[in-house]
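What follows is calculated from the coordinates using simple rules that are stated; it is not laboratory data. Because the structure is a prediction, the values reported are computed rather than measured. Here the Cβ positions follow ideal geometry from the backbone for every residue, glycine too, while neighbour counts run over all protein chains shown.
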């Protein structure tokens, strides 16, 4: 049985998961895909609940997120960016929601190995 993997981008906000945007098989994330497909879907989901809220993104320093093309797009959409330390491998955007959520769900459980 062969397994195929689906690449995707997951986005979170303070109160949980926002959206998962899949990539076509074997494609890499580049700034054109990020600004024309991924970000509009993320913004649409965020604005469903509150059209008046401002959007602040925390990006890592991947090329697709720091390119001039993506930066111009975000400025045109009036999206604010928070800084990311240039050499902060121990600080990933997922640390802000995903791992805390998993840790809270597992709190108090005991796991035994055989």
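In this label model, residue 66 and residue 47 are separated by 2.8 nm, measuring between points 7 Å along each Cα→Cβ vector. In terms of its alpha-carbon gyration tensor, the range 8-88 comes out rounded; the largest-to-smallest axis ratio a/c stays below the 1.5 threshold. Only beta bridges with both residues in the range 8-88 are counted; by DSSP, about 65 percent of them are antiparallel. Between residue 107 and residue 30, the distance separating the two model label sites (each 7 Å from Cα on the Cα→Cβ line) works out to 4.4 nm. Per-peptide packing, taken as the mean over residues of other Cβ atoms within 10 Å, places 46-56, 27-37 in the sequence 27-37, 46-56 from highest down. Peptides 57-63, 77-83, 17-23, ordered by how many other C-beta atoms sit within 10 Å of their residues on average, highest first, read 17-23, 57-63, 77-83.
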